[in-house]
Amino acid sequence: MKDKVAILLVDDEERFIDGLQSVLDHYEYSCTRALTGSEAKQLLQETDFDIALLDVGLPDMSGCDLAEFITTDCPDTSAIMLTGLNTVETAVQAMKQGAYDFLAKPINHEHLLKVIDKAVAHNRLRKDLRLSEARFQVLTEAGWEGIVVVENDLLVEGNSQFFQMFGYNKEELLGQPFPESLMVGGSLQEKGGDSTDDAAYSGESTGLRKNGSSFPVEVRHRAMEYLGRPARIWVLRDISERVRDEKEKLALQDKLARATRLEALGLMAGSVAHDLNNILTAVVSYPEILLKQMREQDPYYQEIKKIQEAGKRAAAVVADLVSVARGKKTKPPPIGLNEQIISHLESIEHNERLAAYPGVKIDTGLQTDLQSCLCSAPRIHKILLNLIGNGLEAIGHDGIIRISTENCRFANPVMRDQSMRVGNHVKMTISDNGEGINAEDLEHIFDPFYSTKKSGRSGTGLGLAIVWNSVMESDGWVEASSDERGTRFDVYLPASGTEPAAKLLEPSKQENGGGETILLVDDEAEQNQTMQNMLGSLGYKAFSATNSEQALGFLRSCRVDLVILDMIMAGDIDGCQLYRKILDINPAQKALVVSGFSESEQVSEAKALGIRTILEKPVTLPVVSRAIRQTLEDDG
């Protein structure tokens with residue numbers, strides 16, 4: 001038994017409808033009757049019909065108008081016209097208004113049944129086509145890509161994503177040349193992407209939006225048939241986000257590589273610091289001993305004074321070298337950055353340097369509610385000293401250096417702990433309007449010994465390396481940017497979220513001894529001799545040993561008030577290991593370290609053993625005298 005086909009019979013002649021319905025009922029069609037066009041419309045809106053048999057001449061409207069209504073509002077219904085006016089004009093009008101077929105009265109029943117069967121089959125094909133089109137529409141509209149059909153280099157069809165991607169309405173682009181109208185310059189031609197042969201293409205190009213902006217686009221196209229005609233199907237994807245992510249990834253890799261490179265350079269620098277400091281000990285110490293025994297008017301006093309000053313300058317360079325080499329990351333107490341900036345700008349050291357640049361003005365814009373930061377005062381001093389000095393030399397004559405601070409959120413690109421990467425930071429910006437730094441030099445400005453300054457004029461190439469190292473030691477980050485308008489450094493330091501700690505003052509006056517005994521332990525006899533002379537001039541009785549065995553043998557035979565250790569001794573145990581053995585002999589033995597260079601781990605280990613003072617060579621009389629007195633007087 002066939003599926004019931006629903007048929008609407010529309011005719012104002014009831015006897016005709018009765019006869020027609022009896023025939024259709026016999027063949028098991030489901031029939032519904034309507035005598036007017038209005039009644040038919042009502043039924044069509046309430047019920048789904050497969051076929052509508054319409055009389056052309058209805059009392060309230062034309063059957064052709066009803067056929068047009070069915071075409072627009074009832075797409076699943078096929079209209080078949082019935083009339084006694086067998087004219088070509090009526091048939092043509094009915095077909096134009098959407099009728100499937102036209103039959104003249106009186107109706108041949110066999111012919112009617114054949115037309116109905118064909119109309120039903122036509123309906124099913126039409127439904128399948130609409131479903132197929134709907135599925136295709138969903139697939140094309142659901143994707144992220146823009147899809148277009150191009151015939152003879154003209155755009156003939158596209159999905160909504162494509163038009164949204166380029167910012168056009170569909171009507172604005174249909175029939176327009178493609179891809180020339182939407183791709184920048186020869187971006188496709190240069191890559192072979194404008195091919196019109198049967199080969200498929202996949203690559204990247206640059207799209208041009210309606211508003212004039214350009215964006216990177218991934219392009220794929222191939223030859224296919226479209227509605228029985230040759231065409232090319234283009235698939236385009238906006239890859240702006242992917243390109244941006246790749247750039248950020250490359251930038252991050254560059255920053256990590258730079259950090260690794262600087263770390264390696266720092267280790268290399270540290271390898272020579274120990275030997276340099278040992279050499280400078282004599283250059284700095286002996287002039288002090290000699291000057292202490294002379295008057296200013298004595299012969300060669302000024303010459304010896306100049307040797308002393310030159311030695312101190314050399315010692316400062318080595319100290320900077322050690323700062324670059326040592327990558328220690330001790331957690332400092334919270335400190336107020338604004339206060340440190342103001343203190344530096346009011347210092348004699350800063351104002352003496354600024355006096356050499358009378359045309360340079362320094363402006364500040366410091367945030368009033370700035371959080372405290374985790375960075376030691378000496379590190380902040382080094383950062384300010386070198387960045388301000390860099391700005392002064394870049395300006396030369398007339399210009400402005402601006403220093404500003406602010407609270408911010410910042411993602412540190414080299415923090416390995418992802419949970420700590422993004423956090424509250426204190427940002428300090430130091431900018432100048434001097435000569436900018438070219439892009440090639442900007443890539444290397446934080447490298448040790450890299451300098452663009454003229455030889456012999458100023459600088460050692462360590463200034464910005466010290467800035468980098470000081471910031472890295474504080475788990476911060478520093479960015480440099482420059483153009484023809486000047487140079488800017490943004491320093492990010494972790495915020496502590498607490499009040500700053502009180503400022504500590506370190507006395508520097510020279511304090512003499514009272515005959516206390518001191519054992520010097522250094523693998524270089526010259527160093528021991530220099531220190532013995534220094535300590536003798538301060539009123540101490542000094543002994544020396546050049547290795548651990550001599551030192552331990554001496555301490556087993558007699559007691560001393562203090563041991564001064566070198567941290568690194570060639571071919572021997574280090575200072576921490578020796579101090580452990582000394583404590584086995586005398587658990588109360590006091591000691592301090594004077595070393596040319598010490599690794600961060602060694603410094604931490606020494607402090608854990610109870611050594612509270614660690615000095616870096618070369619040392620001056622005031623520094624070593626004060627360190628000795630503090631250690632001897634310490635009851636802890």
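The values are calculated or read from the model by the stated rules, or taken from the named source; none is laboratory data. The structure displayed is predicted, hence computed values, not measured ones. Cβ sites come from the backbone with ideal geometry, for glycine too, and all protein chains shown count toward neighbours. These area figures cover heavy atoms from the full protein model, side chains too; ligands, DNA and RNA do not enter into them. Shrake-Rupley method; radii C 1.70, N 1.55, O 1.52, S 1.80 Å.
Some observations on this one:
- For the stretch 209-216, the Karplus equation 6.51 cos²θ - 1.76 cosθ + 1.60, evaluated at θ = phi - 60°, returns couplings of 7, 4, 7, x, 7, 10, 7, x Hz by residue, with Gly and Pro reported as x.
- Full-stretch length increase - His397, Ser240 - with 0.36 nm per residue and alpha-carbon distance subtracted: 52.1 nm
- Karplus-derived 3J(HN,Hα) values for the stretch 545-558, using 6.51 cos²θ - 1.76 cosθ + 1.60 with θ = phi - 60°, are 9, 9, 8, 5, 4, 4, 5, 5, x, 4, 6, 6, 8, 7 Hz; glycine and proline are entered as x.
- Residue ranges 437-447, 287-297 sort as 437-447, 287-297 when ordered by packing (mean number of other C-beta atoms within 10 Å per residue, highest first).
- Simple label model, 7 Å out from Cα along Cβ direction - Thr47 to Glu28, nm: 1.9 nm
- Backbone phi angles across the stretch 381-390, fed through the Karplus curve with coefficients 6.51, -1.76 and 1.60 (θ = phi - 60°), yield HN-Hα couplings of 4, 5, 4, 5, 4, 7, 6, 5, x, 4 Hz in residue order; Gly and Pro are listed as x.
- The stretch 550-635 - percent of accessible surface contributed by carbon and sulfur, probe 1.4 Å: 48 percent
- Inter-label distance, Ser481 to Leu125: 6.6 nm, where each label sits 7 Å from its Cα along the C-beta direction.
- Carbon plus sulfur fraction of accessible area for the stretch 1-113, probe 1.4 Å, in percent: 48 percent
- When the residues Val283, Val619 are ordered by accessible surface, computed with a 1.4 Å probe over the protein chains alone, the sequence from largest down reads Val283, Val619.
- Across the alpha-carbon set of the stretch 1-102, the Rg to Rh ratio works out to 0.94, Rh being the Kirkwood radius.
- Per residue value of the accessible surface for the stretch 540-633 (all protein chains in place, 1.4 Å probe), Å²: 43 Å²
- Amide H contacts under 5 Å for Phe102, placed H, 5+ residues apart: Met81
- Heavy-atom SASA rank of Ser181, Ser625 (probe 1.4 Å, accessible area, largest first): Ser181, Ser625
- Annotation: for a label point projected 7 angstrom from Cα along Cα→Cβ of Gln293, residues of the stretch 509-539 with backbone N closer than 17 Å are 529-539.
- Extension gain (nm, one decimal) between Lys96 and Lys312, 0.36 nm per residue minus Cα-Cα: 67.3 nm
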